[in-house]
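No value in this document is a laboratory result; all are computed from the given coordinates. Nothing here was measured: the structure is a model prediction, and the numbers come from that model. All Cβ positions, glycine included, derive from the backbone under ideal geometry; neighbour counts span all protein chains shown.
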There are 2 protein chains.
Amino acid sequence: MEVVAQNRSFDGRQTVYRHGSEACGCDMTFAVYLPPQAESGPVPVLWYLSGLTCTHENAMTKGGFQEHAAMHGLALVFPDTSPRGPEVADDEAYDLGQGAGFYVNAKRDPWKPHYRMYDYITEELRGLVAGLDGIGERHGITGHSMGGHGALTLAMRNPHLYDSLSAFAPIAHPTRSDWGRKQLSAYLGDDEGCWALHDSTLLMEERGWKEDILVDQGASDQFLELLQPEALAEAMTRRRQSGVLRMQHGYDHSYFFVNSFAGDHVAWHAARLA
Amino acid sequence: MEVVAQNRSFDGRQTVYRHGSEACGCDMTFAVYLPPQAESGPVPVLWYLSGLTCTHENAMTKGGFQEHAAMHGLALVFPDTSPRGPEVADDEAYDLGQGAGFYVNAKRDPWKPHYRMYDYITEELRGLVAGLDGIGERHGITGHSMGGHGALTLAMRNPHLYDSLSAFAPIAHPTRSDWGRKQLSAYLGDDEGCWALHDSTLLMEERGWKEDILVDQGASDQFLELLQPEALAEAMTRRRQSGVLRMQHGYDHSYFFVNSFAGDHVAWHAARLA
């Protein structure tokens, strides 16, 4: 694993790594923030999965998470959103191919050889991160938009891997949205039965989450019709799922929304990972 | 004045404006953050001048200032760093021409017609900002690198315009640095006598600042030889200038440094602008 960049940040350390990924069959880049508390021993970790078009960098530079992670003694992991490189299949659209991995393992060509973000996040990168100095045993997960979808689906399917869960403006019902049907069809094929494992509303109906969940959604989000927070809200309440879904007045889908509530999410995870 | 973008941020409002600039003879873009307190009446303003290669956007998205400005009830102004556009003279180097206005009024061609960032910041944009709803009478100024140079020189030359002053890793002695001699020569000509008004170390020796100053400098900054904080430190102490110059262990020149101390600077200005 190669260190691409390292910067001191809030008395901790923000590092960008590159490594050859077995799951994705290409080089992958990710970032880890270690708070100052990690110098004295392992600390809990919060994973942040990013949205369409993002790399590891967006939330690392614009999310405002480090300040709060340093305060609460939490490490942060910022993975990329897809395999990358000239040898990796891509599409002209911003919402398919590179930058749009959707946190699934693709079953169809041309995506099948590299698009294995589900395995990459839950297995390969999980192992790499666990091997870093300062990283403790307890892991939380959150994410924004496509990454909120990733956080919710990966956690509900792997409750043994994650101890706390939240999301920012998640793509909440991809099997019924143009942000979802297109990608699930391309990556997984036309058998919609296979899609249900990648839809947080359906997973919420079917299994829910073992603890409480925090979901923030901007009430002025320009993508509300694609995100469908109402589907997740209905599923959560119908299941009597512990949790909080906050419609935030006036907020849109941007990182100005994410960083406005980054502090709340870090505190939420820190309390549950302590 | 045209609103290019507006996003809710920490219960306040982050707005990007574009306007035809008389001083610069081209369209200029800048950003203003209004904290929630501005809804009830005018609030003090902190100006943030950016460094080489930056636009209004860098600090607006990566500086982490809004969270603290919302806490303290301070507005923020993020100007661009130079005139822009195909009709505006430029240079292939990153440190001359567009993105590198150095906060001076150019006297030489080809820069003279547009490069008037000194007048733009202290007069034209000052007037525009003062006319916005929610903007109060008291103004502080800070900046990073070339923008730290801008903040220090503009404030020391215009103490009637600014009530508080700080800087992040300023280019502290441009008349004796390759970050300065090249640009001052290009924009102002070879008479070094004219350069002294654009050198914060020399201005500190000659006039100082009416109140206390806060300067943060990363001790592992990769540009220390170009910034020359030791020159400013000597001038400040020799003059018995009230203030604090902090060498911050391990920090470099990046926005990871700036946002690590954004909270301290906002609190510093808020206390002095109240």
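Please check: in the Gaussian network model of chain A (C-alpha springs, under 10 Å), which one of A:Asp199, A:Asp80, A:Asp190 has the largest mean-square fluctuation. Maximum among the listed residues: A:Asp190. Both radii come from the Cα set of chain A: Rg as radius of gyration, Rh as Kirkwood radius; their ratio Rg/Rh reads 0.94. By the count of other C-beta atoms within 10 Å, a proxy for reagent exposure, A:Thr153, B:Thr142, A:Thr55, B:Thr53 are ordered fewest to most as B:Thr53, A:Thr55, A:Thr153, B:Thr142. Sorted shortest first, the distances from the B:Leu197 label point to those of the same residue in the other copies are 7.2 nm; each point sits 7 Å from Cα along Cα-to-Cβ. With the label put 7 angstrom out from Cα along the Cα-to-Cβ vector, A:Arg239 ends up 6.3 nm from the copy partners, going from closest to farthest. Normalised by the number of residues in segment B:26-153, the mean separation of alpha-carbon contacts (under 8 Å, six or more apart) gives a relative contact order of 35 percent.
Neighbour counts of other Cβ atoms within 10 Å put B:Trp111, A:Trp209 in the fewest-to-most order A:Trp209, B:Trp111. Find the relative contact order for chain A and round it to a whole percent, using C-alpha pairs within less than 8 Å whose residues are 6+ positions apart. 18 percent.
As a proxy for reagent exposure, A:Met156, B:Met1, B:Met146, A:Met247 were ordered by neighbouring Cβ count within 10 angstrom, fewest first; the result is B:Met1, A:Met247, A:Met156, B:Met146. Counted as membrane-span-like here are DSSP H helices of chain A whose alpha-carbon atoms extend 30 Å or more along the helix's own axis and whose Kyte-Doolittle mean is -1.0 or above; there are none. Would you mind calculating the relative contact order of segment A:172-271 from Cα pairs under 8 angstrom and at least 6 residues apart, reporting the percent as a whole number? Dividing the mean separation by the residue count of segment A:172-271 yields 31 percent. Shielding value for B:3-14 is 5, the average number of Cβ atoms from other chains within 10 Å of each residue's Cβ.
Each listed q (0.14, 0.21 Å⁻¹) maps to a log10 I(q)/I(0) for segment B:25-146 from the Debye sum over equal C-alpha point scatterers, namely -0.59, -1.14. Taking the DSSP beta bridges with both ends in segment A:2-273, the antiparallel portion is around 50 percent.
Computed over chain B with a Gaussian network model linking Cα atoms closer than 10 Å, the most mobile of B:Phe261, B:Phe168, B:Phe65 is B:Phe261. Each Lys and Arg adds +1 at its Cβ and each Asp and Glu adds -1 at its Cβ; summed about the Cα centre, segment A:146-274 shows a dipole of about 320 debye. Looking at segment B:38-174 alone, DSSP beta bridges between its own residues are antiparallel in about 15 percent of cases. In a simple Cβ point-charge model (Lys, Arg +1; Asp, Glu -1; nothing else charged), the protein assembly as shown has a dipole of about 980 debye relative to its Cα centre. Annotated for the protein assembly as shown: lysine pairs at least 8 residues apart or interchain, Cα distance under 19 Å, count 5.
Among B:Ser200, B:Ser145, B:Ser177, the largest mean-square fluctuation in a Gaussian network model of chain B (Cα springs under 10 Å) belongs to B:Ser177. Volume per residue for the protein assembly as shown equals 147 cubic angstrom (convex hull of Cα atoms).
Each DSSP beta bridge with both residues in the protein assembly as shown is either parallel or antiparallel, and the antiparallel ones are about 50%. From helices alone, chain A scores -8500 deg cm²/dmol at 222 nm; the rule is -39500 (n - 2.57) for each run of n ≥ 4 DSSP H residues, then divide by the residue total.
Rounded to the nearest 20 debye, the dipole size of segment A:1-96 about its Cα centre is 480 debye, using +1 on the Cβ of Lys and Arg and -1 on the Cβ of Asp and Glu.
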